[in-house]
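The values are calculated or read from the model by the stated rules, or taken from the named source; none is laboratory data. Not measured: the values here are computed from a predicted model. Ideal geometry is used to build each Cβ from the backbone, glycine not excepted, and the neighbour counts take in all protein chains shown.
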Amino acid sequence: MNSYTHTHYLDLVNLCKIYPTKNGPFTVLEKFNLQVVEGEFICLIGHSGCGKSTILTMVAGLNEISNGNVMLAGHEIDGASPERAVVFQSPSLLPWLTAYDNVMLGVKQAFAHGSKKERDQIVKYYLESVGLGDNMQKKPPELSQGMCQRVGIARAFALKPKLMILDEPLGMLDALTKHELQDLFVKLHAEHKLTTLMVTHDVDEALYLSDRVVMMTNGPNATLGDILKNTLPRPRIREDIMEHPDYYKHRDYLINFLEEQDHQAERKKTGTKD
Amino acid sequence: MSIVLEAKNVTKNFGHNGHTAEVLDQINLSLEQGEFVAIVGFSGTGKTTLINLLAGLEHPTSGTITCKGKPVTEPSPERGIIFQNYSLMPWLTVRGNVSLAVHQTRKDLSAAERKECVEHYIEMVNLSASIDKRPGELSGGMRQRVSVARALSMNPEILLMDEPLSALDALTRAVLQDQILEIWQKEQKTIVLITNDVNEGILMADRIIPLNIGPKATLGPSFPVDLPRPRNRKTMNHDPHVKRIRNEVNHYLNEQSRQHKAHSKADAQPPTRLPDLEPAHMKKEYC
């Protein structure tokens with residue numbers, strides 16, 4: 001038996017991020033606690049600058065944890081690892097490698113014990129599933145931003161990670177591609193049940209994809225504000241969800257939270273002006 | 001009304017020696033003084049290429065682009081650009097980035113006026129508290145707001161915006177949409193907005209033009225957005241007229257996508273099968 005329980009697959013305990021500045025320590029994130037069930041899809045929402053990305057980069061092992069810790073499957077994380085795959089807002093591909101080679105780079109590491117043919121199939125499978133079957137041999141400069149982002153998504157899913165970390169992966173895509181890729185995330189989540197932590201700005205996207213929506217308070221000293229349990233039924237079909245009676249209830253709840261944060265920020269601003 | 005920016009039969013190819021990618025084909029676009037046009041389309045259709053051509057950052061392979069009757073050969077401060085990827089100078093502060101643009105383009109102002117101008121636009125995008133921070137210390141949304149402030153501070157006649165708001169949170173986005181509209185109406189600017197969001201187009205633009213799926217992308221028909229201004233974001237959602245425009249545009253785009261897919265499926269390979277193989281990090285048994 002492993003030393004973690006199903007409900008604490010990912011466990012963020014008193015997570016803090018403090019940056020040293022000229023005027024003393026600056027707390028971006030303060031005592032953030034969250035337990036994630038295995039296979040759960042969590043969306044983090046909050047205003048820009050509230051430390052959403054800070055949480056993700058710490059969980060990814062790309063950003064030093066100032067205080068607290070991150071447990072995944074019963075083990076404290078230590079640096080970056082293919083067990084935690086990340087899709088960034090900008091695709092961060094190696095520009096001199098083809099789409100195929102960009103995905104292969106990670107696959108080679110995670111599947112070193114497999115055969116060359118198996119690795120080839122994994123890379124092709126995921127590139128096809130993101131709709132790039134015809135563009136595998138192109139390099140990033142020949143691909144549009146949206147297509148590059150698809151390569152980034154294929155690269156992350158191909159690792160079969162324990163935790164999928166999505167840092168606003170669709171923020172820069174056009175609405176139609178965005179819809180297609182949201183559907184792809186729904187499909188991939190249904191197939192692989194990967195535990196997922198996603199930051200998004202888009203309330204509708206959060207409701208379409210997530211099991212729970214975690215709302216962040218405004219920074220500095222940002223922390224967990226509220227959690228919404230997303231009761232929309234799975235499998236999710238976009239048209240049906242929009243018609244579901246809970247949809248607008250949830251949506252209003254999230255938007256009210258964000259607007260309330262906004263008002264608080266206004267009050268703070270005017271209160272401290274002189 | 002006079003035409004301020006015009007593209008005539010513009011074609012753009014990249015590469016040479018048989019490796020040519022034909023991105024845009026026979027683009028015709030006329031912008032009247034004070035007009036607000038939104039261009040929507042799928043990723044990879046050449047939207048950014050189109051903006052770069054209008055800005056003068058790229059040159060058409062054939063066809064002409066004219067700004068107030070003169071051919072566009074290079075970028076000019078009369079055509080302000082807001083890029084999708086912010087394109088800020090990482091070693092300059094927020095103030096430094098905006099000052100750079102103001103000092104280059106507003107030589108008519110005194111030093112004090114320029115300083116005031118810089119601060120005015122930074123205040124407008126709610127970044128006064130971060131005025132001395134560098135891009136690396138700002139979130140993505142905040143960086144885009146710097147980029148918006150920089151473009152507006154040059155007081156350009158034409159604003160070319162390449163998906164400026166798509167990466168921002170809903171509230172910041174709404175605030176900036178309102179500010180852009182306010183400036184557009186007050187200062188009679190001409191705006192080309194590339195957007196991924198049909199709703200944004202309906203809220204802001206006078207007409208919406210889809211960019212068809214490439215290669216050899218052409219512009220689709222122009223959909224007029226004949227709604228009174230100011231437009232209300234909240235009541236708009238329930239307006240049957242708005243719904244009709246939205247449906248027409250979405251229908252056109254989806255039809256494009258369907259045709260494109262049908263076309264590319266014709267010679268598709270059978271899908272690759274996923275092998276039953278666990279990654280190394282899954283095989284390790286933790287206890």
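Within the range A:157-177, how many residues are crowded, with 23+ Cβ neighbours inside 10 Å and in a helix (DSSP H, G or I)?
Count: 3.
Suppose the filter is buried (at least 22 other Cβ atoms within 10 Å of the Cβ), hydrophobic (A, V, I, L, M, F, W, C) and farther than 16 Å from A:VAL86 by Cα; does A:VAL214 pass it?
yes
Taking into account only those residues within the range B:49-86 that are in contact (Cβ under 8 Å) with a residue 40 or more places away in the chain and on the phi > 0 side of the Ramachandran plot, which is farthest from the other protein chains (Cβ to nearest Cβ)?
B:LYS68
Which pairs have Cβ atoms under 8 Å, sit 6 or more apart or on different chains, and link a residue in the range B:33-46 that is more than 14 Å from every other protein chain (Cβ to nearest Cβ) and farther than 13 Å from B:PRO210 by Cα to one that is hydroxyl-bearing (Ser, Thr, Tyr) and outside any loop (DSSP other than H, G, I, E, B)?
Within 8 Å, the pairs are B:GLN33/B:THR190; B:GLY34/B:THR190; B:GLU35/B:THR190; B:PHE36/B:THR190.
With respect to B:PRO228, determine if the residue is in a loop (DSSP other than H, G, I, E, B) and away from chain A (no Cβ under 14 Å).
yes
As an exercise: evaluate B:LEU211 against (1) within 12 Å of another protein chain (Cβ to nearest Cβ); (2) closer than 28 Å to A:SER53 by Cβ and give the number of the one condition it does not meet.
Result: B:LEU211 fails condition (2) only.
Filter the range B:87-113 for residues that are without any contact (Cβ under 8 Å) to a residue 24 or more places away in the chain and touching a Cys at 6+ places or on another chain (Cβ under 7 Å) and give the result.
B:LEU109
Go through the residues of the range B:25-43 one by one and say whether even a single one is within 21 Å of B:VAL249 (Cβ to Cβ), surrounded by 19 or more Cβ atoms within 10 Å (Cβ to Cβ) and touching a Phe, Trp or Tyr at 6+ places or on another chain (Cβ under 9 Å).
Yes.
Looking at the range A:225-245, can you tell me whether even one residue there is surrounded by 16 or more Cβ atoms within 10 Å (Cβ to Cβ), modelled with pLDDT of 85 or more and within 14 Å of another protein chain (Cβ to nearest Cβ)?
no
Among the residues of the range B:208-221, how many are in contact (Cβ under 8 Å) with a residue 40 or more places away in the chain and either assigned to a loop (DSSP other than H, G, I, E, B) or over 15 Å from the mean Cα position of the chain (by Cα) (or both)?
Qualifying residue count for the region: 8.
All but one of (1) in a helix (DSSP H, G or I); (2) within 12 Å of chain B (Cβ to nearest Cβ); (3) touching a residue at least 40 places away in the same chain (Cβ under 8 Å) hold for A:ASN218; state the number of the condition that does not hold.
Every listed condition holds for A:ASN218 apart from (1).
Is it the case, given these coordinates, that B:ALA151 is away from every other protein chain (no Cβ under 14 Å), over 21 Å from B:PRO77 (Cα atoms) and touching a residue at least 24 places away in the same chain (Cβ under 8 Å)?
Criteria not met by B:ALA151.
Of all residues in the range B:159-190, which are more than 10 Å from the chain's Cα centre (by Cα), more than 10 Å from chain A (Cβ to nearest Cβ) and not in a helix (DSSP H, G or I)?
Answer for the range B:159-190, where residues must be more than 10 Å from the chain's Cα centre (by Cα), more than 10 Å from chain A (Cβ to nearest Cβ) and not in a helix (DSSP H, G or I): B:GLN188, B:LYS189, B:THR190.
Does B:VAL148 meet the test of being buried (at least 18 other Cβ atoms within 10 Å of the Cβ), modelled with pLDDT of 90 or more and among the β-branched types (Val, Ile, Thr)?
Taking the combined requirement at face value, the residue does not satisfy it.
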